[in-house]
Amino acid sequence: MRAVWKPALVSGAGIAVAAAALAGWMAMPPPADLLAPPTTPALVVADRHGAQLRATRAQDGSRTAWRALEAFDPKLLQAFVAVEDRRFWSHAGVDPRALARAARDNLAAGRIVSGGSTITMQTARLLRRTPRTLPGKARQTLWALRLEAHLDKAAILEQYLNRVPLGQGTVGVEAAAALYFGGTAREVSLGQAALLAALASAPSHDNPLIDPARARARRAVVLRRLGALGYATPEDLARASAEPLVALDRTTPFLAPHFTTRFLARGDDPPPPRDGVARTSLDLGLQGEVEAEVRHAVDVLRDRIVAHAAAVVLDNPTGEILAWVGSPDFFADTAGQVDMVVSLRQPGSTLKPFLYGLAFDRGYTPASLLPDVPRTYHTTLGPYRPRNYDRRFRGPVRAREALGSSYNVPAVELAERLGTGALLRTLHLAGFASLDRTPEFYGLGLALGNGDVTLLELANGYRALANGGLWRPVSWRAGSVNPGAWPRGQPTRDTAIRVMSPQAAALVLDILADPAARVPGFGVHTALDLPFRAAAKTGTSRHFTDNWAVATTERFTVAVWVGNFSGRPMQGVGGITGAGPLLQRVALRVARRYPPGHLATPDAAGAVSSRVCGGSGLAATADCPALVEWFAPGTEPEAGGVREARGMAPGSTHPDGIGEGFRVSSPLDGDRYEIPVGVDPRYATIALRAEGATAVRWYVDGIEVRDQRWRLEPGPHVIRAQTSTGQVDEVRIVVQ
């Protein structure tokens with residue numbers, strides 16, 4: 001019997017001691033310094049030269065301009081209590097009914113959709129920074145009970161209203177009122193009070209400067225709650241619903257609004273320096289010029305049903321964002337706050353260069369003949385018959401002309417041969433994370449840009465072409481190497497991803513920089529002609545709802561968009577006539593400040609030149625008009641035959657028998673390797689083997705490998721095998 005009671009006595013004593021300790025802790029008033037107003041210096045967002053773009057904190061130099069509760073407009077108190085904790089004045093810090101409702105909603109949804117936290121619990125979390133975990137929730141609850149034991153409700157609400165983050169770097173209602181309305185918390189309208197209260201639960205997602213539609217919908221929820229609780233009449237609610245979301249004070253600096261809004265909304269940014277100035281990569285002088293060009297483009301095209309435009313400029317070596325214009329006028333109306341630099345739209349033909357880069361890595365060349373003839377493809381969604389922009393067919397065309405003149409039919413045929421999955425994988429490597437559906441979802445239309453992407457993704461993808469086929473994230477700060485996070489879940493570290501081989505990238509750029517290749521499709525003179533060597537491309541989505549144009553040089557990349565935020569079709573506006581002129585003017589503006597440099601010719605990447613027949617792409621003879629074309633080593637034609645496996649996918653059989661039975665046997669396509677820990681890197685190698693041929697030349701990421709074993713290097717890689725007769729096969733692997 002004694003053996004049974006002894007553990008029980010010990011456990012009871014332990015519980016008693018813990019209860020006594022907890023009671024003693026609860027009896028102690030919260031530390032005075034914990035409740036004291038914070039004094040963190042103000043944060044100023046500056047451009048790369050130190051010019052002030054925006055101040056995000058209170059003007060008195062503190063992070064929050066502390067206000068006593070009686071200094072707040074009563075409508076603010078009503079709005080926050082109504083939406084965050086309607087039984088705030090009656091509970092003891094924890095609301096059992098709210099917790100029960102949250103548990104019910106979470107179980108029904110199968111995930112956490114409601115936390116059931118009271119204002120007191122939220123205040124405890126703001127004071128103690130408790131994590132959003134079950135242990136953190138328990139500590140938050142205990143601190144809430146302790147606050148209720150020593151502070152009255154007014155003091156708790158004052159702490160909360162002065163500490164709650166409300167987006168864009170603002171902390172507290174006073175700072176938020178100054179940012180969004182140019183006013184103070186002492187006097188706000190009902191609509192303004194509702195908007196501030198609406199921001200408390202999701203200050204980034206429901207922010208009016210990022211997503212006006214979400215902010216308006218969330219404000220409507222708060223207004224309905226105020227009406228249901230009797231805090232406002234139907235007439236008051238109607239007037240509040242008609243109020244503009246924001247009324248920014250233009251007397252204080254608020255420059256490059258779309259850029260600074262995104263900069264402040266990024267959650268991974270390092271803390272500001274001691275002087276409180278966050279120096280970004282933006283060039284304010286260039287920003288002003290690009291903004292003027294965007295407004296001019298809309299003015300010129302307004303009679304063609306064009307209301308909006310956007311532009312972004314990147315520095316190619318560093319990835320720094322030099323200019324960012326999300327709309328013609330941020331302050332014009334609610335639509336002006338839509339940021340088309342990061343909004344999703346279909347990019348049209350601007351994705352074709354990545355398809356051709358993939359093809360060049362698969363053995364195709366700029367001289368390869370592609371069919372521009374009527375054909376019906378039988379897909380899971382039914383028959384698909386692509387057409388060119390001008391509704392004409394030209395028969396066999398060289399790849400150079402097909403890409404330069406942006407023919408649709410050859411591009412779709414190329415996608416059919418290479419596979420939509422391979423194209424989608426290449427686009428993912430190029431940073432198009434927005435293309436998050438399956439290859440079957442996009443189908444062959446992916447070659448023509450039927451998937452939604454952002455202007456920033458497009459610009460950085462072309463930057464990868466200019467950087468020899470290597471993709472890296474963009475940079476938001478000056479003088480640093482890619483510290484910024486790529487939107488929509490891309491890596492936050494300085495990641496380098498091989499999109500295509502240097503030779504393939506160089507061939508694509510050479511075609512896009514070739515005015516003669518554009519002549520058959522667009523004529524002799526186009527808006528893409530620049531006084532310096534630049535690779536340029538346009539794109540138009542279906543139904544003429546979106547116009548795109550992008551150009552890249554050795555030094556910078558410019559991408560522009562023209563259209564309507566509403567999706568309304570334009571009238572008679574194509575890429576050359578719509579976005580093209582805007583691209584040309586912006587590129588000229590950038591070139592005055594940042595010399596474009598010399599976009600390298602293909603020979604700098606190891607490509608070789610050869611004379612071919614203009615009509616066949618075969619080695620030149622005395623019987624045909626000859627021209628000079630560039631080729632990746634080993635794919636150039638030779639007299640009496642063609643080295644390249646023209647029209648082949650890896651491992652397939654050429655109709656003439658070339659490449660029959662030849663394939664890479666080690667490594668296999670899709671293999672993933674891991675470098676062993678502690679092993680000398682010299683011995684972390686894999687064998688390079690091929691079947692069906694004896695003399696094989698090996699290339700890894702476009703660089704020839706002389707040995708039969710290759711030393712593993714982290715990252716994705718393209719391994720290509722070529723025989724002396726032009727047989728080609730390639731595989732893609734990943735090394736972790």
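Bear in mind these aren't lab numbers, they're just calculated from the coordinates by the rules spelled out. Keep in mind that this is a model prediction, so the values were computed, not measured. Note: ideal-geometry Cβ built from the backbone for every residue, glycine included; neighbour counts use all protein chains shown.
For the reader, a short list of remarks on this structure follows.
- When peptides 712-720, 724-732 are sorted by average Cβ neighbour count within 10 Å, with the highest value leading, the order is 724-732, 712-720.
- The ranking of 543, 150, 378 by Cβ neighbour count inside 10 Å, starting from the fewest, reads 378, 543, 150.
- If you model the range 661-736 as an ellipsoid using its alpha carbon gyration tensor, with each semi-axis the square root of five times an eigenvalue, the axes come out at 23, 12, 10 Å, biggest first.
- Shape category assigned to the range 335-382 from the gyration tensor of Cα positions, a/c cut at 1.5: oblate
- Relative exposure of 733, 321, judged by other C-beta atoms within 10 Å (fewest first): 733, 321
- FRET E, pair residue 381, residue 129, Förster distance 30 Å, beta-carbon r, rounded to 0.05: 0.05
- Whole-percent pair-distance distribution, where bins are 5 Å wide, for the alpha carbons of the range 311-603: 1, 6, 13, 18, 20, 19, 13, 7, 3, 1, 0
- Cα shape, the range 343-502, gyration tensor, a/c 1.5 rule: prolate
- Here is the result for the range 155-185: no chymotrypsin sites (Phe, Trp or Tyr not before Pro) lie in DSSP coil with at most 12 other C-beta atoms within 10 angstrom of their C-beta.
- Residue by residue, the range 618-631 carries 3J(HN,Hα) couplings of 7, 4, 5, 10, 6, 9, 9, x, 9, 9, 9, 10, 9, 9 Hz when phi is fed to the Karplus relation 6.51 cos²θ - 1.76 cosθ + 1.60 (θ = phi - 60°); x denotes Gly or Pro.
- Taking the average, over residues, of other Cβ atoms within 10 Å as the packing measure, peptides 281-287, 405-411 rank 405-411, 281-287 from highest down.
- Euclidean distance of C-alpha centroids, the range 326-392 and the range 662-736, integer Å: 32
- Highest-first arrangement of 236-243, 430-437, where packing means the average Cβ count within 10 Å: 430-437, 236-243
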